[in-house]
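Below is one structure, written out as structure tokens; the observations come after it.
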């Protein structure tokens, strides 16, 4: 007991000195955030057979996808189509908007259904109602879902909503569930382990997923559904995923690729799987190529900051082997297989079009026949065709930004084939070779002009996108299509197959070049070769940090990370309870404070906004959303009524950003940017406008991605109404929202673009009266995390008193209806409805080369024995300094002291630190107000103010004297003390330098997050740093 008290006091002393710098999860731990992600398990042990109960806590505001919570598929060998489909629907929990739980049905939902064939009909037969249970809420409220089923009683299935029985059905499906199936969270399987439909992906959060081998009674469900602990290792549990694996990170992100099973049955979930490497022999024309290959299965090889890519003419060639295409399987949901994707900006300014091209170069294989769309019975079948997209972006209204061409490859088998694509800058001529043989183009869209002609009749002119150029830096992905830069993947578009010997050239290869070198690993001449990937043992291996990579053997060294598209770890707000029945603690804020959740039941408003910028403006903010349904509006400033200055300054459609200035929304050609930010990652968005030229520039994660002209020569009046997250069609109302939303809502049929509400999180929003430069925007993004010059880990570096700053909402109060403008200009936002504050997940990222938070050092890897340990602690006998840390032997080391600071950068005027939330480091607004507001204190208060610090100081001194005895008895305390000391060191001795990195996302999240050519990885407010390329010496 005495030791425990001593330890507690020691930690309290050091904790008081160090302050809280990082956020931490609450009693509900973590949850998984899905955005059309899948988690697949094919080796499930003891899956229930004759009885089952499935439970989960879910949170979603997605009304446009029939999301699938869980599916379990048989490995069907049936040749009957109907039976095969039913086997893939062995057990499905489908569509949280109107939940159905189904076993062995061919049709889950069918309308009309005169024969009562569907699973839905079995529920209607019991209740005579079309509705069952709704788990989707506009404000993302959490709900408990439970489904029970057994072979007994005619396959009785029951659905519970927050413990209440809401629907039941006699399915008359009484065959036991078979072992050896494919279990999937987040999507519905139309073939064993895959063939997911993007319209049926789950968008939202899941937590506390349990699978029981019994039918749980309502009493069991309602009594235990909120338990945060106490059910582990229960004999009737087959699997229990609490998703709390990152809880013990203790201020530093760790890579968590496994969700542990708490049932004790060993059914861990693998969240992250890399493409697998193997040796292979490819035979072609009597020759054999012995090489290595990568096998893709809903995973990717990617590098979000490649350099030296072709700007003009190019050739791409590779070997590929994929599934055989069977026209007798109409149930297949996979329509395309995305093989090669390069996203970049236009190399030059584009008049009236998007600057960003998500399909600067894209090569895909068609898996289905779409020829009926051509309206010609003689049209060439698209099944097995190769489609090539060049300098294109299909996510805009600009038709001339669409450039694709389809070739009659007839790649229908499952054998190895060599694919080569060439494109000439001068004339746009595009060639495609299969196994060295040129193929005919039969369908294309060139700048919005469609053309088709059967291959048997000579095909179409192969010229496409002539004299358009792309940037040499961008994002390269193998195995997926980038719908936003470096991400926004969908499992339904993934490439399932093998790739070998990939080469990228900045010149047009001749037919002889292709044929002469295709059965070689290295060509006979490497002139113009800008990318070379040979997936042998040397070409696909672990990096110095232990991560799998595919190495680029060209001079560019654009190595590819081998990853998968996995759901993300987020703090859970599921309403769980402790063993005594009291609610668990919520997440605790760190120095990054809070963000505010927005939805259509909330109105965040500032009427009569005085001093709104009139002839120049910059608006910047951080956002996070998985809403791919709505053209959500982050920022709406209105001065007048509909079409009379209601769009005085409007940033709209976070699925393809657009800007309106004084009712000028541009033309059809340049209305939308084609740039999205709804992939579930944090993104920094900035928009600038200047009146004299009308120039509007959009930045995503500090990089310019779009430039257009709006409101040239106009002035924006002051005194209007600002609304965050809703679109005004009249001043302060007439919102373009769905029925039932808060405030005055326009009739949906009259809404030009449909509901435009923002669903997600908003944070760190600023309005400036000047056009900020690109470097200022980048530095501002960095400063949001305290990484800027003059800032610290606990004190962000934006000067709230800057003369050009009109308003700054940091959203850090964490409570109440008022969002303070910390510039003291009085532009406070008011939440009209009860606000939902969420902690910004802000931890240090060990291994990113930046000393931060609880770290003593960070040398850019997580390897022991080099002076900086795998947990970013200085090892005994070493000393470390700098960013990234350079460690030398001979120092004290191991004592937990801070590293020697690097030389500081040239100082700027000291910014005012941003206050943290109630549980974060630094003082809050309330603290500051209290400090100057009370002029009198009682005698007891004065005595306490004197005696308590004295007592604490004496006790700390005693504990310090006996610290080694405490360490000997409690080694874990020594580790905790060292972490606290490192935090103190981070505040007092912050290493300087110009390189910074972010804190807010897991390493796997960073690698999948869509950022565009950003020198700083995309993250929430909280430090972004320059991109650090992988080392060449892998």
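Read-outs throughout are calculated quantities, based only on the coordinates presented, and are distinct from any laboratory measurement. Treat the numbers as computed from the prediction; the structure is a model and nothing was measured. Quick reminder, even Gly has a Cβ in these numbers, built from the backbone with ideal geometry, and neighbours come from all protein chains shown.
Structure notes:
- For the range 276-564, the relative contact order comes to 28 percent (Cα pairs under 8 Å, sequence separation of at least 6).
- The overall shape of the range 413-488, judged from the alpha-carbon gyration tensor, is oblate: a/c is not under 1.5, and a/b is no greater than b/c.
- The range 533-662: C-alpha gyration tensor shape, a/c 1.5 cut-off, then a/b vs b/c: oblate
- Each part gets one Cα centre, and for the range 728-749 versus the range 649-706 those centres are 23 Å apart.
- Cα gyration tensor category, rounded, prolate or oblate, for the range 192-264 with a/c compared to 1.5: oblate
- Packing here is the average count of other Cβ atoms within 10 Å per residue, and on that basis the peptides 628-640, 268-280, 809-821, highest first, run 628-640, 809-821, 268-280.
- Shown for 362, 467, 255: other C-beta atoms within 10 Å of each C-beta, ranked fewest to most, produce the order 467, 255, 362.
- Extension reserve of the residue 175-residue 236 stretch, reckoned as 0.36 nm per residue once the Cα distance is removed: 19.9 nm
- Order of 227, 404, 706 - criterion: other Cβ atoms within 10 Å of each residue's Cβ, fewest first: 227, 404, 706
- Considering only alpha-carbon pairs that sit under 8 angstrom and 6 or more positions apart, the relative contact order computed for the range 535-658 is 10 percent.
- Note on the range 276-564: Cα-Cα pairs beyond 29 Å make up 28% of the total pair count.
- Potential lengthening between residue 667 and residue 326 on full extension [0.36 nm per residue; Cα-Cα distance subtracted]: 118.3 nm
- Cβ-Cβ FRET estimate between residue 115 and residue 154, R0 fixed at 25 Å, reported to 0.05: 0.85
- Centre separation in Å (Cα based) which lies between the range 155-184 and the range 208-238: 16
- log10 of Debye I(q)/I(0), alpha-carbon scatterers only, for the range 30-270 at 0.11, 0.17 Å⁻¹: -0.52, -1.36
- For a paramagnetic label modelled on residue 526 (point 7 Å from Cα along Cα→Cβ), amide N atoms under 17 Å away belong, within the range 486-505, to 501-505.
- Peptides 664-674, 384-394 ranked from most to least packed give 384-394, 664-674, packing being the mean of other C-beta atoms within 10 angstrom over each peptide's residues.
- Only Cα pairs under 8 Å and 6+ residues apart enter the sum, and on that basis the relative contact order of the range 30-270 stands at 30 percent.
- Judged by the mean number of other Cβ atoms found within 10 Å, the most tightly packed of the peptides 338-348, 525-535 leads the ranking 338-348, 525-535.
- 19 Å reach of a label modelled at residue 288, 7 Å along Cα-to-Cβ, counting backbone N of the range 391-419: 415-418
- Neighbour counting of Cβ atoms within 10 Å sorts the residues 78, 492, 24, fewest neighbours leading, into 78, 24, 492.
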